[in-house]
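Chemist: Mind having a look at this structure? Questions to follow.
The values are calculated or read from the model by the stated rules, or taken from the named source; none is laboratory data. Because the structure is predicted, anything quoted here is derived from the model rather than measured. So basically every Cβ, Gly included, is an ideal-geometry build from the backbone, and we count neighbours across all protein chains shown. Quick note on the areas: whole protein, heavy atoms, side chains included, nothing else; ligands and nucleic acids left out. Shrake-Rupley method; radii C 1.70, N 1.55, O 1.52, S 1.80 Å.
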Amino acid sequence: MRFHLQLFPPTFSGWVIVLLVLFLPAVLTAYVLHNLAWLVVVPFGIIVIACLVAALPSKRKVTPAQFADELESHLLGTGGPWDWDDTTSITIADPRLEEVRSHLGPNLDSLSHEKDKDELRAIIAALRRGELPEPTVSPGRVSLFRLRK
């Protein structure tokens, strides 16, 4: 069973936690140091530190089979609301899979045409066989893949 934390839209308890994380340390610091400026400085510092941590380059480790599962859940429509974004936006540690991920175009996001679905099925099948599709450029298409021999 996969645990999924819903982050958006934030609930009342979510806002309470955010406010506590931002302002409880600020209030304690201002009280101890007897200076109200800390009520602004500490929350600003927490936000800056959070942004710096979020900007750190992180790469996820995924096998070709796991990547195929993520793509298949998008194809079947069984993924969560952020699964496709996580699949296509987060860099993969394996450079070969990263090349495939980086060439997944917006046509595979919407899957509005049957040829887009067929292309995604071909990518999934190749990944399951242990092959990596090779991206090719074609006019009018964002991504087409052909299998390496």
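Chemist: Given labels modelled 7 Å from the Cα in the Cβ direction, how far is it in nm from V32 to R128?
Modeler: Once both label points are built, they end up 5.7 nm from each other.
Chemist: Here's a follow-up. Ignoring any ligand, DNA or RNA, what whole percent of the accessible area of region 27-125 comes from carbon and sulfur when the probe is 1.4 angstrom? Display every interim value, and only then the final one.
Modeler: Details: 4080 of 6260 Å².
On region 27-125, the fraction of accessible area on carbon and sulfur atoms equals 65 percent.
Chemist: Per residue, how many Å² of accessible area does region 16-81 show with a 1.4 Å probe? Numbers along the way, then the final one.
Modeler: On the way: 4790 Å² over 66 residues.
On a per-residue basis, 73 Å².
Chemist: Provide the FRET efficiency to the nearest 0.05 for the L24-I49 pair, computing r from the beta carbons and using R0 = 22 Å.
Modeler: Once rounded, the FRET efficiency stands at 0.90.
Chemist: Roughly speaking, what is the stretch gain from Q66 to E99, that is 0.36 nm per residue apart minus the C-alpha to C-alpha distance, in nm to one decimal?
Modeler: Additional length available on full extension: 10.3 nm.
Chemist: Per-residue counts of other Cβ atoms within 10 Å, averaged by peptide: what ranking do you get for 84-96, 46-58, 65-77, highest first?
Modeler: Answer by packing, highest mean first, reads 65-77, 84-96, 46-58.
Chemist: Order the peptides 27-39, 112-124 from the highest to the lowest mean number of other Cβ atoms within 10 Å of their residues.
Modeler: Numbers: 27-39: 12.5, 112-124: 15.2.
In descending order of packing, they fall as 112-124, 27-39.
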